[in-house]
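Worksheet: one structure, shown below.
What follows draws every value from the coordinates through simple rules; no lab data is involved. Keep in mind it's a predicted model, so treat the numbers as computed, not measured. Please note: Cβ atoms are built from the backbone with ideal geometry, for glycine as well, and neighbour counts cover all protein chains shown.
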Amino acid sequence: MGQIFADDAKIVRPNGAVTKGPKEIGDSHSRSLSRFQATQHLTSGFTITLKDDASAEFRANLVAIHLWAEGHGDPNADPYDNYFLAGGVITGHVILGASGWRMAEIGNQVRWRRGAGFQEMLQTK
């Protein structure tokens, strides 16, 4: 995670929870993603704006597919229907340091959701 995120990086999840630093970000993602048997996140339409020689901002579209693991999501849903999709926009800031480019901040603004188990997804993990 230290090769991706700056030491003081932060992520803002769709539920507003903020996570800071590469270790905490990695631990948080491990806990969150353990609820799924599989996920796929597809990005498109990146716009990157250089602010100066050592920083840039970005924006991209995101569609995320999540298949709930057994015991998660909607317990009443057919296992083949126990998934959710989310689409939105990711934005962030990257910086150039001695070790190269690193993410300083990234946020996800969800614009739509479909599927099962939304209440569980909104919980901070």
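Residue by residue through segment 47-55, which ³J(HN,Hα) values in whole Hz follow from phi under the Karplus form 6.51 cos²θ - 1.76 cosθ + 1.60 (θ = phi - 60°), with glycine and proline marked x?
Those phi angles translate into 10, 10, 10, 6, 8, 6, 5, 10, 7 Hz.
If you take the alpha carbon radius of gyration of segment 10-87 and divide it by 2.2 N^0.38 Å, what ratio comes out, to two decimals?
Dividing the Cα Rg of segment 10-87 by 2.2 N^0.38 Å gives 1.38.
Neighbour counts of other C-beta atoms within 10 Å: give me Arg113, Arg35 arranged from fewest to most.
The most exposed by this proxy come first: Arg113, Arg35.
Taking the Cα atoms of segment 41-125, what is the range of coordinates along each of the three principal axes, in descending order and whole Å?
Reported extents, whole Å, longest axis first: 53, 24, 17.
Ignoring everything except DSSP H segments at least 4 long, calculate the 222 nm mean residue ellipticity for the chain; use -39,500 (n - 2.57) per segment, divide by total residues, nearest 500.
Result for the chain: -3500 deg cm²/dmol, rounded to the nearest 500.
Only Lys, Arg, Asp and Glu count, each charged at its Cβ (+1, +1, -1, -1), so figure out the dipole size of the chain about its Cα centre, rounded to 20 debye.
Charge dipole of the chain: 160 debye, to the nearest 20.
If you put +1 on each Lys and Arg Cβ and -1 on each Asp and Glu Cβ, how big is the dipole of segment 57-123 around its Cα centre, in Debye rounded to 20?
Approximately 380 debye in magnitude.
Return one number: the angle in degrees, 0 to 90 and rounded to the nearest 10, between the long axis of the Cα atoms of helix 22-33 and the longest principal axis of the Cα atoms of the chain.
20 degrees
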